[in-house]
Amino acid sequence: MLLTLLWSLWYERNKFTHGGRLKNAGSLLEDIGQWLHIYQQAQINKPPVLAPSSSLLQSWKAPDPGCLKLNVDALVREGSPTVGLGAIIREESGFVLGAMAKPIPGCFSPFVTECLALREWLIFAADSGLQVQKIETNAFKVVNSLQKIDPLAPEFLIIEDISLLLGELSGRFVLCHSPISE
């Protein structure tokens, strides 16, 4: 429900920014309730793809005082016509300053999906005006690809976009790999 609320707020802000009209709070909450109901109906009698286990859980590590941290992740579900992208920006105490979840139509490899996630959320961070100093992803291959860009790689254009977006941060960031389990 939190992600639905965050997405709805982002969508309304984006619509208003581009000349649209805002919904009143009651209508917005009603829409969120309807989305939640649709989601719950879709989940009935559907076994979970992966049950959470303590070995997969990882505790979040705070950035240095005065710094903002962007955590980025992606989801590829076999047989699904879409992939999922997600990100959250927090400050040192864990307070959330921005978060987004976004479905993208298409079937992509996990590597391409992680690249798309990082690119989308760097754009989101820049558009929101938040000065991110630490960017964390569990996609080791993405971090490595950014350190040595191969212009012949099929994903070159996405990697190049990410590199250009990181360049706009003027070297005021750290991009790091964070393994799923420790």
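Here, each number is a calculation from the coordinates, and none is a lab measurement. Just so it is clear, the structure is predicted and the values come from calculations on it, not from any experiment. Cβ coordinates were reconstructed from backbone atoms using ideal geometry, including for glycine residues, and neighbour counts include every protein chain displayed.
Of the listed pairs LYS102/LYS134; LYS15/LYS102; LYS23/LYS102; LYS23/LYS69; LYS23/LYS61, which have alpha-carbon separations greater than 27 Å here?
LYS23/LYS69; LYS23/LYS61
Can you put LEU85, LEU166 in order of Cβ neighbours within 10 angstrom, beginning with the fewest?
Starting with the residue having the fewest Cβ neighbours, the order is LEU166, LEU85.
What FRET efficiency, computed as 1/(1 + (r/R0)^6) with R0 = 41 Å and r the Cβ-Cβ distance, is obtained for LEU157 and LEU2, rounded to the nearest 0.05?
In this case the efficiency is close to 0.80.
Could you tell me which GluC sites (Glu not before Pro) in the range 83-159 are loop residues by DSSP with no more than 14 other beta carbons within 10 angstrom of their beta carbon?
GLU92
Test of understanding: ordering ASP64, ASP161 by Cβ neighbours within 10 Å, fewest first, what list do you get?
ASP64, ASP161
Could you state the principal axis extents of the C-alpha atoms in the range 2-43, from the largest down, to the nearest angstrom?
35, 17, 14
Name the long-range amide H neighbours of VAL174: under 5 Å, sequence gap of 5 or more, or other chain; modelled H, no Pro or chain starts.
LYS134, ILE135
Hey, can you grab everything whose amide H is under 5 Å from the amide H of THR82? Only 5+ residues off in sequence or another chain; H modelled, so Pro and N-termini drop out.
Those qualifying (amide H under 5 Å, at least 5 residues apart or on another chain) are GLY106.
What order do you get for ARG77, ARG119, ARG21, ARG90 when you list them from fewest to most C-beta neighbours inside 10 Å?
With the sparsest Cβ surroundings first, the list reads ARG21, ARG77, ARG90, ARG119.
Could you give me the ³J(HN,Hα) list for the range 108-116, computed from phi with Karplus coefficients 6.51, -1.76, 1.60 and θ = phi - 60°, whole Hz, x at Gly and Pro?
Whole-Hz 3J(HN,Hα) from phi for the range 108-116: 10, 5, x, 4, 5, 5, 5, 4, 4.
Starting from the coordinates of the alpha-carbon atoms of the range 64-182, obtain the Kirkwood hydrodynamic radius over all distinct pairs and give the value in Å to one decimal.
Computed over Cα pairs of the range 64-182, the Kirkwood hydrodynamic radius comes out at 14.6 Å.
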